[in-house]
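Participant: I have a structure I would like to understand better, so I am pasting it below and will then ask my questions one at a time.
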Amino acid sequence: YGIARTAKRSLLYYAIPLLAGLAIAHAYIPPTPGPVAVAAIVGADLGWVILFGVLCGLPGLVLGGFIFGRYIGNRIHVEQPDYMKPDHGVGAEVAAASGNQQPPSFGVVTGIVLLPLALILFNTASGAWLPEDHPALPYIEFAGHPFFALIAATLMAMYWLGIRQGYTREEVQKVATGSLEPVGLIILVTGAGGVFGNVLVTAGVGEALAEALAEWRLPVVVLAFVIALGVRVSQGGATVAMITSASLVAPVVNGGGYTAPELALVVIAIASGATALSHVNDSGFWLVNRYLGLTEKETLASWTALVTIVGFSGFVTALLISVFV
């Protein structure tokens, strides 16, 4: 943001690539809540989901983050809000509290971020390399479970970014306690999505979709994307749309004899549909709107267009991959 102010460029020129990366990571790459929940519902392997999530997210990052980011940054000029400046508000408080502490190294931060992904991928790979009766397999599966992988990354962050940076245990505990507030909202939203999905499934919507699939002859990847896109537009939240859509698609894939890569592509298709077309009924829309100081029109032209590019490019990539798996 300091670069944006110095260069007198629009804040969107730098914010859109960042938002593209956040949207892709949130929708496509475990261990974020959405893809983990969808994978559990449809029975997909998280290792394959991570692999295809990275592959299907790259086109959206290039097209939406870099190409579209430069395009929209040159057409909508947004000044840096005062609260983001280092000599105002929160920025001044953070600068005063940090003192002369040196920031953690790039390697430490990268290691913390990649640790849960590495554990999950190693668990997937060991299932293919080791025999089913290998004595180390249960321990590898335990370490590769998303819950343990996230706990391990959290403990590493508390040590390397807290204790090793000179913070006391009480200060680390205070930061950890404060972080539970937004997590509570995520748990609430995820739970609400699961409840709504179960209501639709109990009502027989899943079975009706299974019958419609047999009549329409649609590929399951296309069906998953269309359902997720419809739920996304109607109810807003990406995570809720993913969980609800997965509940509707589950009866189709459960009896279809699909392979592990095909199930992972179904997860990516659902994530793509649940990412595109964010608008005024999506909390993410208003988060970007308020945080960057945009008008509703500017948010539609920037954020909505960005996630639509990410969602459709991810779906097209998943569809192309499904031809070869």
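Participant: Determine the order of F315, F285, F148 by accessible area, beginning with the largest, at a probe radius of 1.4 Å.
Facilitator: Ranking F315, F285, F148 by accessible area, largest first, yields F148, F315, F285.
Participant: While we're looking at this one, here's another question. For every other residue with a beta carbon closer than 15 angstrom to the beta carbon of S126, add +1 if it is Lys or Arg and -1 if Asp or Glu, then tell me the sum.
Facilitator: That works out to -4.
Participant: State the Cα centre-to-centre distance between region 16-85 and region 120-142 in whole Å.
Facilitator: 30 Å
Participant: In region 118-147, whose amide N lies under 12 Å from the spot 7 Å out along Cα-to-Cβ of A40? List them in ranges.
Facilitator: Flagged as within label range: 146-147.
Participant: May I ask for the net charge around E298, where only other residues with Cβ less than 14 Å from the Cβ of E298 are counted and Lys, Arg are +1 while Asp, Glu are -1?
Facilitator: That sum, taken over residues with Cβ under 14 Å, equals +1.
Participant: Can you work out D for region 256-325 in µm² s⁻¹ from Stokes-Einstein, where Rh is the Kirkwood radius over C-alpha pairs, the temperature is 25 °C and the viscosity is 0.890 mPa s?
Facilitator: Numbers: Rh = 13.3 Å.
In µm²/s, the coefficient is 185.
Participant: Still on this model: When the Debye formula is applied to the Cα atoms of region 36-80, each taken as the same point scatterer, what base-10 log of I(q)/I(0) results at q = 0.18 Å⁻¹?
Facilitator: -0.65
Participant: Moving on to the next point. Given the C-alpha centroids of region 254-324 and region 146-178, what is the distance between them in whole angstrom?
Facilitator: 31 Å
Participant: With a 1.4 Å probe and all protein chains left in place, how much of the accessible area of region 268-325 comes from carbon and sulfur atoms, in whole percent?
Facilitator: For region 268-325, the apolar C and S fraction of the accessible surface comes to 75 percent.
Participant: For region 46-57, what does the Karplus curve 6.51 cos²θ - 1.76 cosθ + 1.60, with θ = phi - 60°, yield as ³J(HN,Hα) per residue in whole Hz, taken in order and with x for Gly and Pro?
Facilitator: Per residue, the Karplus-derived 3J(HN,Hα) values read 5, x, 5, 5, 4, 4, 6, x, 5, 5, 7, x Hz.
Participant: Ordering M242, M158 by how much accessible area each has at a 1.4 Å probe, largest first, what is the list? Present the calculation step by step, with values, prior to reporting the outcome.
Facilitator: Details: M242 0, M158 70 Å².
The residues order as M158, M242, largest area first.
The values are calculated or read from the model by the stated rules, or taken from the named source; none is laboratory data. From a predicted model like this one, the values you see are computed outputs, not experimental measurements. We place every Cβ from the backbone using ideal geometry, glycine too, and count neighbours over all the protein chains shown. Ligands, DNA and RNA are excluded from the accessible area calculation, which covers all protein heavy atoms including side chains. Shrake-Rupley method; radii C 1.70, N 1.55, O 1.52, S 1.80 Å.
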